[in-house]
1. A:VAL151: part of a helix (DSSP H, G or I) and at the interface with chain B (Cβ under 7 Å from one of its Cβ atoms), yes or no?
2. Among the candidates B:ALA77, B:ALA83, which residue alone is of a type in the set (Gly, Ala, Ser) and either in contact with a Cys (Cβ under 7 Å, 6 or more places away or on another chain) or not in a loop (DSSP other than H, G, I, E, B) (or both)?
3. Take region B:89-119 and flag every residue that is polar (S, T, N, Q) and within 15 Å of B:ARG159 (Cα to Cα).
4. For the list (1) out of contact with any Pro (no Cβ under 9 Å at 6 or more places or on another chain); (2) closer than 22 Å to A:SER124 by Cβ; (3) not aromatic (Phe, Trp, Tyr), I need the number of the one condition that A:ALA82 fails.
5. Give the number of residues within region B:88-116 that are more than 15 Å from B:VAL162 (Cβ to Cβ), surrounded by 14 or more Cβ atoms within 10 Å (Cβ to Cβ) and out of contact with any His (no Cβ under 8 Å at 6 or more places or on another chain).
6. Quick check on my filter: what residues within region A:55-99 are more than 27 Å from A:ALA110 (Cα to Cα) and hydroxyl-bearing (Ser, Thr, Tyr)?
7. Of all residues in region A:154-179, how many are facing another protein chain (nearest Cβ under 7 Å), closer than 17 Å to A:GLU81 by Cβ and in contact with a helix residue (DSSP H, G or I) (Cβ under 7 Å, 6 or more places away or on another chain)?
Protein chains: 2
Amino acid sequence: MGRWEPNARGRLEQAALELYAERGYEQTTVAEITGVAGLTERTFFRHFADKREVLFAGSGRLEEICVHAVAGAPGSATPMEAAAAALDAAAGVFEERGDLVLRRQGVIDANAELRERELIKLASLSDALAAALCDRGVDELTAGLTAEAAVAVLKVAFRRWVDGGREPRLRQLLAECFAVLRTESARGAVAP
Amino acid sequence: MGRWEPNARGRLEQAALELYAERGYEQTTVAEITGVAGLTERTFFRHFADKREVLFAGSGRLEEICVHAVAGAPGSATPMEAAAAALDAAAGVFEERGDLVLRRQGVIDANAELRERELIKLASLSDALAAALCDRGVDELTAGLTAEAAVAVLKVAFRRWVDGGREPRLRQLLAECFAVLRTESARGAVAP
């Protein structure tokens, strides 16, 4: 089979997520994934380095989308507004992928090693957001804190969205979480 | 040698950190650590499960201290004030341990696996803080966001403290970071 397999990547992802959810991530082999997808292992390895990458290949793309959104925010946008634009763009991707996101998260939640990998990807996203904010002329301290706070909002909102079975909309949850962050930060201790 | 070795734990930690810094974490063996400390491997394994635990055994203790501080904050304290009390308690521990903290961080920064372990410990701290806030009657969303924001503040302030060679004081950096968080959150996008 050649490179012209229609939507091979999507079929492999779909098959992998089904198998990971049904049999467990650890128990699933690449041979089983390609069997369900009706594709060869050679095709699998053209798209993914290993079976873990099926779950995390999208993280790099998500990071790019977020960084692009920060860079593209209006010049008048505050650091937190630029970071919110990044999360808004990320939310669009999650909403679009729909149930695949929930299925993927269920697999990750069930496996300690995958949960750790997810934390690493979020830390990488935070670093990328901070760098993108610095590129807008934001000072390093403000950029670092804004990026970390935005990723905190994303983590909490995303968890609620997943636990609620994609209800309410992720964008609405993000807005609610930003509002809570604002309120609670304002109620924090004032520097001496 | 018996259980009465004076300060065996501290001597093992000191020896391990010296060796990790000098020769690299991966290249150092438990035998070398006990050799430098003048103690037996049996004593080592009475205190630490493995050589990685020398670096992370303190994380559980730190988490306890933070949780205790949240629980002990005045009833009138807001969630962010209670979380700030936790970071203040943590800062006391870091300041007290002085250069050992910097040496430990240098070892962790130099090793990807250790950096990942550190992220996991911070995620665990965030979960523990959120649970402690819930125990104070704070709703789950506010608790989760406040805990994540506080850990974000800790990460950024701690990094500046380490990079500055423990100058200025960590408590001052924490206060500055809380102030930036408050300002930047207030300048964020308002929910539609």
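FYI, it's all coordinate maths here, none of it is from the lab. Owing to the predicted nature of the structure, the values given are computational and were not obtained by experimental measurement. Glycine also receives a Cβ, built like all others from the backbone with ideal geometry; neighbour counts cover every protein chain displayed.
1. no
2. Answer to the selection: B:ALA83.
3. Listed by number, the list holds a single entry, B:GLN105.
4. (1)
5. Count: 4.
6. Within region A:55-99, A:SER76, A:THR78 meet the criteria.
7. Of the residues in that region, 2 qualify.
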